[in-house]
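J.: Structure incoming, see below.
The values are calculated or read from the model by the stated rules, or taken from the named source; none is laboratory data. What you are looking at is a predicted structure, and each value in this text was computed from that prediction instead of being measured. Reconstructed Cβ throughout: ideal geometry from the backbone, glycine too, with neighbour counts over all protein chains shown.
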Amino acid sequence: MKSKAVVKVMAPPGPSVASRMKDVLELLGEDISREGLIHTPERYEKAMRFLTRGYTEKLDEIVNGALYHVTCDEMVIVKDIEFFSMCEHHLLPFFGKIHVAYLPQDRVIGLSKIPRIVNMFARRLQLQERLTQQVAEAVETAISPRGVAVMAEARHFCMMMRGVEKQHSGTVTSTMLGQFRSNKATRDEFLALAARPV
């Protein structure tokens, strides 16, 4: 006797981002049937899922074993890591560059992993202050160094396009952990290297 195939009945999916975006456009007074907007809700959903994909990423999957035992105990710094993120208050972009440094304990991390860690946290709805701290804590978690320093420099569209409308203002945030916090000379060395052109 043949066994019957089990058919799973899937519940109908809930409202999509695209369908909600149609409502938003109409509330703003737009005609969603006009040529330029016909596919905008779907494009918007696709863009937002890309810009917030960091929620689905995990630190151990990004590091993926790229840790190497070395005798190096001098500062390692990866500078000028470009990033783009979205302000959680207005859903407007902010962008800039991040400098990441650490003092190895007994191992180093693959250099490309540091920008990937930055991207993981930048691709979320964010605050620059939180982003800076999360990157530092992730590097600390990944390799347990003697210290981590992160500095972010960014421009925010919520200040440039609305509100105070200051196009040339920038925001600088930093997080210092371990010896970067406790040792002024180490902290000063990082700040000097971060400011020096490559």
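J.: Across the stretch 58-92, which residue is nearest to Thr141 (Cα to Cα) among those that are touching a residue at least 40 places away in the same chain (Cβ under 8 Å) and among the small types (Gly, Ala, Ser)?
T.: Among them, the one singled out is Ala66.
J.: Among the candidates Ala138, Ala185, which residue alone is touching a residue at least 12 places away in the same chain (Cβ under 8 Å) and out of contact with any strand residue (DSSP E or B) (no Cβ under 6 Å at 6 or more places or on another chain)?
T.: Ala138
J.: Taking the options Val198, Val100, name whichever one is farther than 26 Å from Thr52 by Cα, touching a Lys or Arg at 6+ places or on another chain (Cβ under 9 Å) and not aromatic (Phe, Trp, Tyr).
T.: On the way: Val100 fails: farther than 26 Å from Thr52 by Cα.
Result of the check over Val198, Val100: Val198.
J.: So how many residues does the stretch 135-177 have that are among the small types (Gly, Ala, Ser) and out of contact with any Leu (no Cβ under 7 Å at 6 or more places or on another chain)?
T.: 7
J.: Looking at Thr71, Thr132, which is the one that is surrounded by 20 or more Cβ atoms within 10 Å (Cβ to Cβ), of a type in the set (S, T, N, Q) and not in a strand (DSSP E or B)? Lay out the reasoning, then the answer.
T.: Details: Thr71 fails: surrounded by 20 or more Cβ atoms within 10 Å (Cβ to Cβ).
Of the residues listed, the single one that is surrounded by 20 or more Cβ atoms within 10 Å (Cβ to Cβ), of a type in the set (S, T, N, Q) and not in a strand (DSSP E or B) is Thr132.
J.: Moving to a separate point now. Would you please name the residue that is surrounded by the most Cβ atoms within 10 Å (Cβ to Cβ), looking only at residues in the stretch 135-152 that are among the aliphatic types (A, V, I, L, M) and part of a helix (DSSP H, G or I)?
T.: Going through the stretch 135-152, the residues among the aliphatic types (A, V, I, L, M) turn out to be 135-136, 138-139, 142-143, 148-152.
Checking the rest, the ones that are also part of a helix (DSSP H, G or I) come to 135-136, 138-139, 142-143.
Details: Val135: 25, Ala136: 25, Ala138: 22, Val139: 27, Ala142: 21, Ile143: 20.
Taking the candidates together, the pick is Val139.
J.: Condition test on Glu189, is it among the charged types (D, E, K, R) and exposed (fewer than 12 other Cβ atoms within 10 Å of the Cβ)? Write out each step before concluding.
T.: Values: among the charged types (D, E, K, R): yes; exposed (fewer than 12 other Cβ atoms within 10 Å of the Cβ): no.
Judged against the criteria, Glu189 is not a match.
J.: Of (1) more than 27 Å from Lys58 (Cα to Cα); (2) modelled with pLDDT of 95 or more, Leu125 satisfies all except one. Which?
T.: That leaves (1) as the condition not met.
J.: Taking the stretch 33-62, which residues are more than 18 Å from Leu92 (Cβ to Cβ), exposed (fewer than 15 other Cβ atoms within 10 Å of the Cβ) and not charged (D, E, K, R)?
T.: Correct list: Ser33, Gly36, Ile38, His39, Tyr55, Thr56.
J.: Considering the stretch 93-112 alone, what residues qualify as being in a strand (DSSP E or B), without any contact (Cβ under 8 Å) to a residue 60 or more places away in the chain and within 21 Å of Leu191 (Cβ to Cβ)?
T.: Within the stretch 93-112, Lys97, Ile98, Val100, Tyr102 meet the criteria.
J.: Right, something else. Just one of the numbered conditions (1) closer than 18 Å to Ile98 by Cα; (2) surrounded by 15 or more Cβ atoms within 10 Å (Cβ to Cβ) is not true of Thr171; which one?
T.: Just one mismatch for Thr171, condition (2).
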